[in-house]
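*Asks:* Have a look at this one.
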Amino acid sequence: MAENIREPLMQFRMAINDIISRGFNGKIMIDCPHDEIFVYFAAYFSGLDVKKIIGLGTLPQEIILREALVRKFNVSGDDINVNTLGLNTHNLVAWSRVYIGPSTLLSYIADDSENYDDKIINNFSEQIGNHKIVSNSVIQSKAVMRLLTCVYGENSLICSVTSLKKENDKLSLSLGPKLVNQFGIFRSINLQLADNEQEELTHDAEWSMDIIENIKKGNKNGKKN
């Protein structure tokens, strides 16, 4: 992966250097497979505030799941609360945190008086293409426009986008839900996950950081940067 991504990263670095040399001090939004790697190097190359660099993350999967639940339960989108997490190429759904109105989706499934069963989760997983990048350009456009509306408008949005944390000048990935507004990444939202969900999310972040460190190590050895 590190070798495959070096060439596009070299072009990306040239573009970043160009806009920074022109005095750019705005926000960067990244929409591509493995956006977590490009988000990291956007900050690494530019020195911009990490709050101003946003990857689309799993927002497209979240939109697909929300719309599927709206159709299934015949409710407004405002009644649905979902959390898709992880990488845009390897996402997971925090099913225990999916709410339909005041109740969790799992409570609907567990209620014998309701005409729902656990096949719902499998069906929804297939619809969002679990562990796959969303290739539907309409959904991608919806996700981009939703973020742009928040970043350049007055509304806020809580969603799982790709961002970074910076502590003692060290960058690390942040893959959980965020509050996004005109300031960019305004704050991270603490989401209590099941142990297996947290393990998978941690594994995703570590896997991506391994790729990033390999790219940086290759650059130091004189390879393409």
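*Asks:* When the residues of segment 78-101 are narrowed to those that are among the aliphatic types (A, V, I, L, M) and under 10 Å from the mean Cα position of the chain (by Cα), which ends up farthest from Leu193 (Cα to Cα)?
*Replies:* Residues of segment 78-101 that are among the aliphatic types (A, V, I, L, M), as a first pass: 80, 82, 85, 87, 92-94, 98, 100.
Adding the requirement that they be under 10 Å from the mean Cα position of the chain (by Cα) leaves 85, 87.
Numbers: Leu85: 11, Leu87: 16 Å.
Only one residue fits best here, namely Leu87.
*Asks:* Is it the case that some residue within segment 180-188 is in contact (Cβ under 8 Å) with a residue 12 or more places away in the chain and under 19 Å from Pro60 (Cβ atoms)? Outline the logic, then answer.
*Replies:* The initial filter retains those residues of segment 180-188 that are in contact (Cβ under 8 Å) with a residue 12 or more places away in the chain, namely 180-186, 188.
Pick out the ones that are also under 19 Å from Pro60 (Cβ atoms) and you get 180, 185.
Yes, the conditions are met somewhere in segment 180-188.
*Asks:* Sort through Gly153, Gly184, Gly176 and tell me the only one that's small (Gly, Ala, Ser), over 27 Å from Ser96 (Cβ atoms) and surrounded by 12 or more Cβ atoms within 10 Å (Cβ to Cβ).
*Replies:* Values: Gly153 fails: surrounded by 12 or more Cβ atoms within 10 Å (Cβ to Cβ); Gly176 fails: over 27 Å from Ser96 (Cβ atoms).
Just a single option satisfies the conditions, and that option is Gly184.
*Asks:* Sticking with this one: Identify all residues within segment 59-101 that are open to solvent by 10 Å² or more (accessible area, probe 1.4 Å), touching a residue at least 24 places away in the same chain (Cβ under 8 Å) and among the small types (Gly, Ala, Ser); write none if there are none.
*Replies:* Ser96, Gly101
*Asks:* Name every residue in segment 82-128 that is part of a helix (DSSP H, G or I) and of a type in the set (Phe, Trp, Tyr), in order of residue number.
*Replies:* Answer for segment 82-128, where residues must be part of a helix (DSSP H, G or I) and of a type in the set (Phe, Trp, Tyr): Trp95, Tyr108, Phe124.
*Asks:* Please pick out the residue among Lys165, Lys170, Lys142 that is touching a residue at least 24 places away in the same chain (Cβ under 8 Å), under 25 Å from Thr202 (Cβ atoms), surrounded by fewer than 17 Cβ atoms within 10 Å (Cβ to Cβ) and out of contact with any Gly (no Cβ under 6 Å at 6 or more places or on another chain).
*Replies:* Working: Lys170 fails: touching a residue at least 24 places away in the same chain (Cβ under 8 Å); Lys142 fails: under 25 Å from Thr202 (Cβ atoms).
Every option except Lys165 fails the conditions.
*Asks:* Please specify each residue of segment 29-45 satisfying the condition of being in contact with a strand residue (DSSP E or B) (Cβ under 8 Å, 6 or more places away or on another chain) and open to solvent by 20 Å² or more (accessible area, probe 1.4 Å).
*Replies:* Listed by number, the residues that qualify are Met29, Asp31, His34, Phe38, Tyr44.
*Asks:* Another question about this same structure. Return yes when Gln61 is part of a helix (DSSP H, G or I), within 30 Å of Ile28 (Cα to Cα) and in contact with a Ser or Thr (Cβ under 6 Å, 6 or more places away or on another chain) and no when it is not.
*Replies:* Details: part of a helix (DSSP H, G or I): yes; within 30 Å of Ile28 (Cα to Cα): yes; in contact with a Ser or Thr (Cβ under 6 Å, 6 or more places away or on another chain): yes.
Criteria met by Gln61.
The values are calculated or read from the model by the stated rules, or taken from the named source; none is laboratory data. Just so it is clear, the model here is predicted, and its values are computed rather than measured. We place every Cβ from the backbone using ideal geometry, glycine too, and count neighbours over all the protein chains shown. Side chains are part of the model used for accessible areas, which takes the heavy atoms of the whole protein and leaves out ligands, DNA and RNA. Shrake-Rupley method; radii C 1.70, N 1.55, O 1.52, S 1.80 Å.
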